[in-house]
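The values are calculated or read from the model by the stated rules, or taken from the named source; none is laboratory data. Treat the numbers as computed from the prediction; the structure is a model and nothing was measured. Ideal geometry is used to build each Cβ from the backbone, glycine not excepted, and the neighbour counts take in all protein chains shown. Surface accessibility is based on the protein's heavy atoms, side chains included, excluding ligands, DNA and RNA. Shrake-Rupley method; radii C 1.70, N 1.55, O 1.52, S 1.80 Å.
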Amino acid sequence: MPNISTHLVSRFLFPLHEQIKKHSSVNVRKSMENTQWFSPEEITQLQIERLRQLLIYANTHVPYYQKLFAGLNFQPEKINVLADLQHLPFLDKPAIRANLEALKSNQARHLARFNTGGSSGEPLVFFIGKERVSHDIAAKWRATRWWGVDIGDPEIVVWGSPIELGAQDALRAVRDRLFRSKLLPAFEMSDQKVEGFLSTICEFRPKMLFGYPSALSHIAKHADKTGIIMRNLGIKVAFVTSERLYGDQRKQISDTFGCRVANGYGSRDAGFIAHECPAGGMHITAEDIIVEIVDSHGHPLPHGESGEIVVTHLASRDFPFIRYRTGDIGTLDDKVCDCGRGLPLIREIQGRSTDFVVARDGTVMHGLALIYILRDMPQIKTFKIIQESIDLTHVLIVTEGGLSQVDTGQIIALFQARLGRGVIIKIEQVSEISAEKSGKFRYVISKVAAG
């Protein structure tokens, strides 16, 4: 039986909040909880119908697409299959920067200005309308309920986005108290800060955690190190997103907090793309999102093959995201999840293209090839690998007691075995490694373009 406070928030206070903000998220979520049980064929048909509507709207109201479709002699009303999308070019960050005003619908009202953190380059500015916001809220809300928790259940959020943290005014503080949500800033992870976080979590006794996997696993490690028991707090699930979730992080969070870990995949620009269900399937929010996987030349790849993730957000009429290149690398699955939902699956999300390193001979490999070298050395607390060029890789390391010459020699030898014998491996021991401006932590950054 749901908690009375949770029931009050999820059935009355939050819907009232959304109504005041002119969001349709409540009705969208209810619809999604119905359509998730459609067969894969029915979901595909739903996507085709919504895609056709989006493209017809864009052709009528969005200057950028009016010009593009005219130049291609593209007729959106004739869309019959999802593959018809391939007649359109990709939308990428340079195109958005160059056509920011032309991408706005002439019917759009109350657009909100957003930007990405720009951790891999120049930040991207774009706009989102209330329809898109409502659908993204609904998608996250539905996925939350898969795990037996709901809006209004006590929640700890470990986050670092300046947009969220900048909104901590009196109104936001009141809202968070009403919805029983507490935000812990992930910018600084000193021992003193983490001890404060652990104290807050113990006092708050949340039903769910939400945050970056690197931040939650770091907090969990500190709890283990200092002997603070967190398994008895009644936490049911930890939702992690915005970074790649590594296996050791999942185990650390699960073991320390005594809960399951639910991986989520999305971004501020691309939307809420996929979420893991209790049966282990990474379900695409297919009512709103069409996912394509393409190779380095932009050609579509079949299920099971790895390539760049391209998304079309079907609820983005006010500022359309059509065939948007995310820069992320992943693989689609053709299986149906054991949970019975017909929503399609992403088999694997390997990370951003900048999470891959390039050896001197041109071989492209995931940063994990280097990460595991450092993870296997118990004296290393944390690290960051920056591939500056094909000939130079910079390694920042925080240690427990320092590295010996033997340790340093071993790291250099193993890195060179993967990147190339003549590559310079510059190791720098530091006292701490800061997160990105967004609060995320990236273990690998490559400035070398993968061919």
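When you check L374 against the structure, is it open to solvent by less than 30 Å² (accessible area, probe 1.4 Å), touching a residue at least 12 places away in the same chain (Cβ under 8 Å) and out of contact with any Gly (no Cβ under 6 Å at 6 or more places or on another chain), yes or no? Considered against the rule, which asks whether it is open to solvent by less than 30 Å² (accessible area, probe 1.4 Å), touching a residue at least 12 places away in the same chain (Cβ under 8 Å) and out of contact with any Gly (no Cβ under 6 Å at 6 or more places or on another chain), L374 comes out as yes.
Looking at segment 346-369, can you tell me whether even one residue there is at pLDDT 95 or above and under 30 Å from L54 (Cβ atoms)? The answer is yes; a qualifying residue exists.
Remark: pairs (first residue in segment 191-207, farther than 14 Å from A238 by Cβ; second residue of a type outside the set (F, W, Y) and part of a helix (DSSP H, G or I); Cβ separation under 6 Å; 6+ apart in sequence or on different chains) = V194/I219; V194/H222; L198/A223.
For every residue, the table says whether it meets (1) surrounded by 12 or more Cβ atoms within 10 Å (Cβ to Cβ); (2) small (G, A, S); (3) more than 31 Å from the chain's Cα centre (by Cα).
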position: T60; (1), (2), (3): yes, no, yes
position: G71; (1), (2), (3): no, yes, yes
position: H87; (1), (2), (3): yes, no, no
position: P94; (1), (2), (3): no, no, no
position: N99; (1), (2), (3): yes, no, no
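For the subset of segment 216-243 comprising residues that are assigned to a loop (DSSP other than H, G, I, E, B) and among the hydrophobic types (A, V, I, L, M, F, W, C), which member is nearest to W146 (Cα to Cα)? Top of the filtered list is I235.
Would you call T363 open to solvent by less than 10 Å² (accessible area, probe 1.4 Å) and of a type in the set (S, T, N, Q)? Before you say what the answer is, go through the steps one by one.
Values: open to solvent by less than 10 Å² (accessible area, probe 1.4 Å): no; of a type in the set (S, T, N, Q): yes.
It is false that T363 is open to solvent by less than 10 Å² (accessible area, probe 1.4 Å) and of a type in the set (S, T, N, Q).
Would you point out the residue of segment 25-42, among those that are open to solvent by 50 Å² or more (accessible area, probe 1.4 Å) and not in a helix (DSSP H, G or I), that is farthest from W141 (Cα to Cα)? Only one residue tops the list, namely F38.
Which of the residues belonging to segment 133-158 are aromatic (F, W, Y) and either at pLDDT below 80 or within 18 Å of E18 (Cα to Cα) (or both)? Across segment 133-158, the qualifying residue is only W141. Taking the conditions exactly as written (open to solvent by 60 Å² or more (accessible area, probe 1.4 Å) and either within 22 Å of I380 (Cβ to Cβ) or modelled with pLDDT of 95 or more (or both)), does K182 satisfy them or not? The answer is no for K182. Residues in segment 108-124 that are of a type in the set (G, A, S) and modelled with pLDDT under 75 were compared, and the one that is least open to solvent (accessible area, probe 1.4 Å) is G118. Here the condition is being modelled with pLDDT under 95 and either touching a Gly at 6+ places or on another chain (Cβ under 6 Å) or surrounded by fewer than 22 Cβ atoms within 10 Å (Cβ to Cβ) (or both); of K236, K221, K251, it holds for K221 alone.
Out of E432, E428, E388, one residue alone is in a loop (DSSP other than H, G, I, E, B), modelled with pLDDT under 95 and charged (D, E, K, R). It is E432. Hey, does segment 17-33 have a residue that's farther than 29 Å from H303 by Cβ, of a type in the set (V, I, T) and at pLDDT below 95? Yes, because at least one residue in segment 17-33 is farther than 29 Å from H303 by Cβ, of a type in the set (V, I, T) and at pLDDT below 95.
For every residue, the table says whether it meets (1) in a helix (DSSP H, G or I); (2) in contact with a Ser or Thr (Cβ under 9 Å, 6 or more places away or on another chain); (3) without any contact (Cβ under 8 Å) to a residue 12 or more places away in the chain; (4) more than 23 Å from E292 (Cα to Cα).
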position: T44; (1), (2), (3), (4): yes, no, no, no
position: L51; (1), (2), (3), (4): yes, yes, no, no
position: L54; (1), (2), (3), (4): yes, yes, no, no
position: I96; (1), (2), (3), (4): yes, no, no, no
position: H110; (1), (2), (3), (4): no, no, no, yes
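The single condition among (1) at pLDDT below 90; (2) on the phi > 0 side of the Ramachandran plot that F383 does not meet is (2).
Would you mention how many residues in segment 185-201 are closer than 25 Å to Y246 by Cα, open to solvent by 20 Å² or more (accessible area, probe 1.4 Å) and in a helix (DSSP H, G or I)?
Here the count works out to 3.
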